[in-house]
Amino acid sequence: MNASQFKQVIDYFQRLQDSICRQLSAEDGDQPFREDKWQHNNGGGGRTRVLTGELFEQAGVNFSHVKGDKLPVAATEKRPQMAGQGFEASGVSLVVHPDNPFIPTSHANVRVFRTVPKSRDDKDFWWFGGGFDLTPYYPFDADIKHWHQVAYETCQAFGDEVYPRFKAWCDDYFYLKHRHETRGVGGLFFDDLNAWGFEKTFAFIRAIGEAYTKAYIPIVQKRKNISYDETHKQFQKYRRGRYVEFNLVYDRGTLFGLQSGGRTESILMSLPPEVSYRYNYSPPAESQEAKLSDYLKPRDWLGLQGSGHG
């Protein structure tokens, strides 16, 4: 990936941030996003945008472009051949925490990375990554099937094997080993994607970026008027604790951001504004809350296994 191609991606990511912010703002009564622009110590920077509204307790949509003279440990742990090289990384990362417990939390990310060789003998590396995933507190099968259907249709143009592969990767990545459960009901996750070449891979990244709102906003519109009480709200806050645990213990993007000198407030923007922890808590048997555990394991939501797909 040359510098001109990298700039194409950066320009697209900024437009994608604008588009997603417009759509989320429109859903929350045109509530504006607060924007903080920041500069990275080694060049580049970002735009952090956060909406605190009536519908969305907190929605954050980040654009970042960071540079460095030396790759952080989070990047070289599995790629020791890149140690010592400079790098550029850019992406859009977002997390939406709705106020209504019947609307799921959602996350999406698209990113690009390339090394900057320090000598002619160094090999340059580049790849794309990203995906989107859904974390309901009071799940509805129809919502989850819609979410996965959008993911499936988005992937189909790039090959029959893409959805099953990246869906399984998502189930595996967002698994809390110490809790023996998935963070939510999955979606898509991929990393180190470059085998298709730049043009096809960049087209896939654009498709993923634009699919997020197609998948999420219909769910928001469908569930935003459901009445809830303090019991629902307290369970949402309790389950948000799992979100915090994953992001601080396992998430590679959080580690990379902190290790590469990114803006701390922007990196930790993904954390929910209100969370509760209860010692050794489990919901009453047969309650609405108890049903969630049945959803926190990988499942073939579209019935594709045995149908010739995946």
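The values are calculated or read from the model by the stated rules, or taken from the named source; none is laboratory data. Predicted model only: the values in this text are computed from it and were never measured. Cβ: placed from backbone, ideal geometry, glycine included. Neighbour counts: every protein chain shown. All accessible areas refer to the heavy atoms of the entire protein, side chains included, with ligands and DNA or RNA removed. Shrake-Rupley method; radii C 1.70, N 1.55, O 1.52, S 1.80 Å.
For the chain, the equivalent ellipsoid derived from the Cα gyration tensor has semi-axes of 32, 22, 19 Å, listed largest first. Build a GNM of the chain with springs between Cα atoms under 10 Å apart, and of VAL112, VAL150, VAL61 the one that fluctuates most is VAL150.
Rounded to the nearest angstrom and listed largest first, the equivalent-ellipsoid semi-axes of segment 177-310 from its Cα gyration tensor are 29, 23, 17.
Overall, the ratio between the Cα radius of gyration of segment 124-177 and 2.2 N^0.38 Å, rounded to two decimals, is 1.31. Comparing segment 139-205 with the 2.2 N^0.38 Å rule of thumb, its C-alpha radius of gyration ratio is 1.23 (two decimals).
Between TYR228, TYR281, TYR138, which gets the highest mean-square fluctuation from a Gaussian network model of the chain, Cα cutoff 10 Å? Sorting by GNM fluctuation, first place goes to TYR281.
Just the number please: accessible area per residue for the chain, 1.4 Å probe, all protein chains included, in Å².
Values: 14170 Å² over 310 residues.
Using a 1.4 Å probe on heavy atoms only, each residue of the chain averages 46 Å².
Of all DSSP bridge pairs formed entirely within the chain, close to 100 percent run antiparallel. Taking the centroid of alpha carbons for each part, segment 281-306 and segment 1-22 are 37 Å apart.
Net charge dipole, segment 214-300: roughly 280 debye, given to the nearest 20, about the Cα centre with Cβ charges of +1 for Lys and Arg and -1 for Asp and Glu. Over the C-alpha atoms of segment 243-310, the Rg to Rh ratio, Rh being the Kirkwood estimate, stands at 1.13.
At 1.4 Å probe size, with no ligands or nucleic acids counted, give the accessible surface of VAL244 in Å², nearest ten. Answer for VAL244: close to 20 Å² accessible. Highest mobility in the GNM of the chain, judged by mean-square fluctuation with C-alpha springs under 10 Å and restricted to HIS180, HIS65, HIS97, is found for HIS180. Which pairs, out of LYS37/LYS177; LYS67/LYS214; LYS222/LYS291, put more than 25 Å between their alpha-carbon atoms? Table pairs above 25 Å Cα-Cα are LYS37/LYS177; LYS67/LYS214.
In units of the compact-protein estimate 2.2 N^0.38 Å, segment 88-166 shows a Cα radius of gyration of 1.50. Computed over protein heavy atoms with a 1.4 angstrom probe, the accessible surface ordering of LEU255, LEU292, largest first, is LEU255, LEU292. Derived scalar couplings between HN and Hα for segment 185-194 equal 10, x, x, 9, 8, 8, 8, 6, 8, 8 Hz in order, rounded to whole Hz, by the Karplus curve 6.51 cos²θ - 1.76 cosθ + 1.60 (θ = phi - 60°), x for Gly and Pro.
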